[in-house]
Amino acid sequence: MTPLSILELVRVTEETDARGALDNARDVASHAEGWGYRRIWVAEHHNMVGIASAATSVVLAHIAAGTKTIRVGAGGIMLPNHAPYVIAEQFGTLERLFPGRIDLGLGRAPGTDQLTLRALRRSPEAADNFPQDVLEVQAFLAPAGPGQRIQAVPAAGTNVPLWILGSSHFGAMLAAELGLPYAFASHFAPDELLPALEIYRARFKPSEQLDRPYAMVGVNIIAADSDAEARRLATTQQMSFTNMFRGARGLSQPPIDDIETYWSPSEKAQAMRMLARSIVGSPETVRAGINALVKETAADELIVVSDVYDHPTRLRSFEMIAGAAR
C-alpha cells in the first residue's frame, strides 16, 4: 500500500471564519491519524481571504497540539520570503515541542501576488538564492560546530527533515543534487509531473538524510457515495480555480448542480488542464484512480487535496479515500 498524506488548505468558507478553518484543519488531522494518513502539511499563502495558513508555523503548532502521532509539516514554506535563520528557529522550536513529527518542505515561489511581495519585504531576486538558502536552513538545523558563533536556538541539532517542493524541473534537479525527498505539485501543475520525476530519480545523489530517491505526488481526490455526488462536490474546487483566473479570489463556495453555468469555455479548459490528474468519484472509482496513478508514477507517497466545502462531508471524503487505498 502506498502511504497517503494530506495537504490541508485551511479553507475559509462562506459559512466558516478563519478560526473555524483553523479548528477544522486540526480536526482533520485528528481524524486522519486514526485513518492511517502518514502526515498532514500546510502551505504558506498570503493575501488570500479564503486561506488561513499565512502564519504557517503557528498553524502547524495548532494542528500538532491536537494530534499525537501524525507527522505535521510545511508543504511548504516559501523560503525566499524569509531569512533562513528564522525558519530554522521556528521549525526547530516545533521539533522541540513535537519531537519526531515535524517536516519542513521548502519552495521558491512567492505564494502570493506581486504587491504583497513588497509588504513581505521580499526582493525580486530572492528566488535566485533558493539553493543556498536551503543549505543555510539545513546547516542551522544541524548540530552546532565548535566555535560556531551564530546558532539557531533551540533549533541546532534537531535535524528537521527537509523536502524540496516543485512544479517544474528546477525543484527536481535541486532535490536530486542535495539528496532530499521531492514533492511534486501535480494537484495544480500536472503537465511536468512525469519528466520531473524522471529527472529527480536519474540525477539523485545520496545524502545523510536520504540514501535513495523518495518522491511524493500531489493529487486532488474527492470521494463520495457515488460518482455523481463526488462530481457535484468537486464544483467547489472548480469554482475556486475559475475565480483565480478572474482575479477574484474569495471564500470557498458551496457546490452547485451545474458547473457549466459558472465558467466560460476558456475558463473550463484552463481549469480542467490544471485539474487533469484529479480523481473524483465513488470509493471504487477512487481506488482505480489511485492504483493507476501509483502504477504510472511509481510514487513513494501520495499527498491528497480533498477540497470539499462542508466539513463533515470533507471528513467523510478523507475516510473513504483512506479505505479505498487499502
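Hey, S252 hits all of (1) under 27 Å from I51 (Cα atoms); (2) open to solvent by 30 Å² or more (accessible area, probe 1.4 Å) but one; which does it fall short on?
With (1) under 27 Å from I51 (Cα atoms); (2) open to solvent by 30 Å² or more (accessible area, probe 1.4 Å) applied to S252, the lone miss is (2).
At positive phi, of a type outside the set (D, E, K, R) and modelled with pLDDT under 95: does that describe N81?
no
What single numbered condition from (1) farther than 22 Å from Y214 by Cβ; (2) open to solvent by 20 Å² or more (accessible area, probe 1.4 Å) fails to hold for N159?
So the condition that N159 fails would be (1).
Among the residues that make up the stretch 274-292, is at least one of them out of contact with any helix residue (DSSP H, G or I) (no Cβ under 7 Å at 6 or more places or on another chain), within 28 Å of E198 (Cα to Cα), modelled with pLDDT of 95 or more and surrounded by fewer than 14 Cβ atoms within 10 Å (Cβ to Cβ)?
yes
Counting just the residues of the stretch 87-124 that are open to solvent by 70 Å² or more (accessible area, probe 1.4 Å), of a type in the set (K, R) and not in a helix (DSSP H, G or I), which one comes out modelled with the highest pLDDT?
R108
Residue by residue through the stretch 220-246, note down the ones that are in contact with a helix residue (DSSP H, G or I) (Cβ under 6 Å, 6 or more places away or on another chain), at pLDDT 95 or above and either open to solvent by 40 Å² or more (accessible area, probe 1.4 Å) or of a type in the set (A, V, I, L, M, F, W, C) (or both).
Selection gives I221, I222, A223, A224, D227, F241.
Residue by residue through the stretch 58-70, note down the ones that are open to solvent by 20 Å² or more (accessible area, probe 1.4 Å) and either touching a strand residue (DSSP E or B) at 6+ places or on another chain (Cβ under 7 Å) or assigned to a helix (DSSP H, G or I) (or both).
Passing the criteria: V58, A61, H62, A65.
Got at least one residue in the stretch 28-42 being among the small types (G, A, S), touching a residue at least 60 places away in the same chain (Cβ under 8 Å) and closer than 28 Å to P124 by Cβ?
Checked the stretch 28-42: no residue is among the small types (G, A, S), touching a residue at least 60 places away in the same chain (Cβ under 8 Å) and closer than 28 Å to P124 by Cβ.
Considering only residues that are under 15 Å from the mean Cα position of the chain (by Cα) and open to solvent by less than 10 Å² (accessible area, probe 1.4 Å), look in the stretch 164-180 and name the one that is nearest to S306 (Cα to Cα).
I164
Does the stretch 256-265 contain any residue that is under 30 Å from A176 (Cβ atoms) and open to solvent by 80 Å² or more (accessible area, probe 1.4 Å)?
No; the residues of the stretch 256-265 include none that is under 30 Å from A176 (Cβ atoms) and open to solvent by 80 Å² or more (accessible area, probe 1.4 Å).
The values are calculated or read from the model by the stated rules, or taken from the named source; none is laboratory data. Note that the structure is a prediction, hence the values are computed from the model and not measured. FYI the Cβ positions are ideal-geometry reconstructions off the backbone, even for glycines, and counts take in every protein chain you see. Side chains are part of the model used for accessible areas, which takes the heavy atoms of the whole protein and leaves out ligands, DNA and RNA. Shrake-Rupley method; radii C 1.70, N 1.55, O 1.52, S 1.80 Å.
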